[in-house]
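Taken together, the values in this text are just the output of simple stated rules run on the coordinates, not laboratory data. This structure is a prediction, so every number in the text was calculated from the model and none was measured. Don't worry about glycine lacking a Cβ; one is built from the backbone with ideal geometry, like all the others, and counts go over all protein chains shown.
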Amino acid sequence: MNDLSLTTLDGGLAMVSAPTLEAFAAGLRGDVLNAGDAGYDEARAIWNAMIDRRPGLIVRCAGAGDVIATINFARENNVLVAVRGGGHNIAGNAVCDGGIVIDLSRMKSVRVDRVARRAWVEPGATLADVDKETQAFGLVVPTGINSTTGIAGLTLGGGFGWTARKLGLTIDNLLSADVVTAAGELVRASSAEHPDLFWAIRGGGGNFGVVTAFEFKLHKLGPQVLSGLVVHPFDNAKAVLDGYRTVLEDAPDELTCWTVARQAPPLPFLPADWHGKEVLVLAMCYIGDLASGEKATAPLRGIGKPIVDVVGPNPFTGWQAAFDPLLTPGARNYWKSHDFIALADETIDILDGAIRNLPGPECEVFIGHVGGVAGQVPTEATAFPQRSSHYVMNVHARWREPSMDDACIGWARGIYEAAKPYSAGTAYVNFMPSDESDRVEAAYGSNYARLLEVKQKYDPKNFFRLNQNLKPKSARKAA
């Protein structure tokens, strides 16, 4: 290993000698990659192909000891650090230019205690890893909707999906976490130990340390749920969305229905003459017994005259992965999102115009229905503040060619600006792209000041800054 120049926290360069690097690498169970090593390019690639960064070192950690050693090494050399779990974050914070990536993707253990209904999960696990292990025992951790998402980033940002209305957000089911702080100290965060840190990591993202293990509460579910898609012509979208929001006013917590508006992909159950045409999809999941699910979904399935209705019993693990083929790595992606208390007529009109002017065949707008049990938790109980929101809109621009960047990003920003007057003002931090640093304070609302206090306590020098960053007072003064 040769001497290496690494990017510092203040944007400068630090020359680290070969003997120092070799001594560091020798103390790890995992391995270290730099630009000259086989596997480097694969290790630096993440889900969003817009992000193309070249770290100075990638440390593929095997356990908490490696994380501690890497944090200590980076701090002692004043080196910039990024933390990679699943590498799925839209902003690309999992990788940095010139600094060190703490790569947790090999730490994938999931251990279930079916009697106590507890799961211990390492931060490199994906939702698929968690679901497959827990469903082997008819149990579930409430998570998101794309099985390739990493459990760590999803949890630290909040986490909501098909089960949140009945079982709460992912953070509402977090019992404890092992966290390595900027000082290189491994601490347990729970309601009894470091409760301020436990409050903050439930929605505050990766601002406070690196989580090396999560302890979750499990719930009985499955193995089958009633789920599937009802696809409508987009020309009928306004009427369908009007019926959708009316039905959901009285929907049981077991039922979740999201909408997706886009050009129809070549799904095998869709007539071929609809492929590539604009459609509105009602994607629904009922997590109670199947007979009750048939009754609960009937009002939604009775709206309008759909092209197809493919709602039926499905394995929960299969339904969790149903949208994976539309979200594979390798595409360029840009998101803009809003929270809504209600789905206003004006918002529906904005959506109607947006889908009639799609810049590309993979661009879409989805509206997630939340609330239920997740909405009954007091705003101040966790760092995640959006408890009164019943809908989350994510404008997902997705394309392949760099020449389409301006058109696709402009389309997403235009919808965001048009819908802003009807939004709640908060935002789901996991949906925020890298150019929304000015939105962080509004995203956390009334919890922002308390988050800054916790940041000041556990990371006063803003060592963990590649995230939706909460800049501590001491770091602001230094700047």
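Of the listed pairs Lys220/Lys455; Lys132/Lys166; Lys108/Lys220; Lys166/Lys217, which have alpha-carbon separations greater than 25 Å here?
Values: Lys220/Lys455 36 Å; Lys132/Lys166 20 Å; Lys108/Lys220 23 Å; Lys166/Lys217 14 Å.
Beyond 25 Å: Lys220/Lys455.
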Pairs of lysines in region 224-437 (C-alpha under 30 Å apart; 8 or more residues apart or interchain): 10
- prompt: How high is the relative contact order of the chain, in percent, counting Cα pairs under 8 Å that sit 6 or more residues apart?
  reply: 15 percent
statement: By Cβ neighbour count within 10 Å, fewest first, Leu267, Leu300 rank Leu267, Leu300
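Counting residues in the chain as N, plug N into 2.2 N^0.38 Å and put the Cα Rg over that result.
On the way: Rg = 22.2 Å, N = 479, 2.2 N^0.38 = 23.0 Å.
Rg over 2.2 N^0.38 Å, computed on Cα atoms: 0.97.
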message: Rounded, prolate or oblate, given the Cα gyration tensor of region 4-103, with a/c below 1.5 counting as rounded?
response: prolate
- prompt: What are the aspartates and glutamates whose alpha-carbon lies under 16 Å from the alpha-carbon of Lys457, with same-chain residues fewer than 8 places away excluded?
  reply: Glu185, Glu193, Asp196
message: From the helices alone, meaning DSSP H stretches of at least four residues, give me the mean residue ellipticity at 222 nm for the chain, per-run term -39500 (n - 2.57), in deg cm²/dmol to the nearest 500.
response: -7500 deg cm²/dmol
Alpha-carbon Rg with Dmax, taken over region 110-220, Å: 12.9, 40
query: Hull surface divided by four, with the convex hull built on the Cα atoms of region 299-391: how many nm²?
result: 9.1 nm²
- line: The rounded separation in angstrom of the Cα centers of region 155-221 and region 5-64 is 27 Å
task: Under 15 Å from the Cβ of Leu139, count the other residues' Cβ atoms, weight Lys and Arg +1, Asp and Glu -1, and hand me the total.
output: +3
- prompt: Relative contact order for region 4-103 using alpha-carbon pairs under 8 Å, separation at least 6, rounded to a whole percent?
  reply: 33 percent
task: Per residue of region 257-268, in order, report the coupling 6.51 cos²θ - 1.76 cosθ + 1.60 (Karplus, θ = phi - 60°) as ³J(HN,Hα) in whole Hz, putting x for Gly and Pro.
output: 9, 10, 10, 10, 10, 5, 6, 5, x, x, 6, x
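Give me Ser423, Ser474 sorted ascending by neighbouring Cβ count inside 10 Å, so fewest comes first. Present the calculation step by step, with values, prior to reporting the outcome.
Values: Ser423 19, Ser474 14.
With the sparsest Cβ surroundings first, the list reads Ser474, Ser423.
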- line: Note on region 261-324: alpha-carbon gyration tensor, axes a ≥ b ≥ c; rule is a/c under 1.5 for rounded, else prolate if a/b larger than b/c, else oblate; result oblate
- prompt: In what order do Val95, Val16 fall by count of nearby beta-carbon atoms within 10 Å, going from fewest to most?
  reply: Val16, Val95
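Tell me, what is a quarter of the convex hull surface for the C-alpha atoms of region 54-136, in nm² with one decimal? Walk me through the intermediate numbers first.
Working: hull surface 24.9 nm².
That works out to 6.2 nm².
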field: Part-to-part distance (alpha-carbon centres) for region 105-129 and region 426-479, which is given in Å
entry: 28 Å
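If you average the sequence gap of Cα pairs under 8 Å that are 6 or more apart and divide by the length of region 110-220, what percent do you get for the contact order?
Numbers: 231 pairs, mean separation 34.0, N = 111.
Value for region 110-220: 31 percent.
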task: With 10 Å bins from zero, work out the P(r) of region 336-433 over every alpha carbon pair and list the percent per bin.
output: 16, 45, 27, 11, 1
field: Reachable aspartates and glutamates from Lys471, criterion Cα separation under 12 angstrom, eight or more residues apart if same chain
entry: Asp438, Glu441, Glu453, Asp459
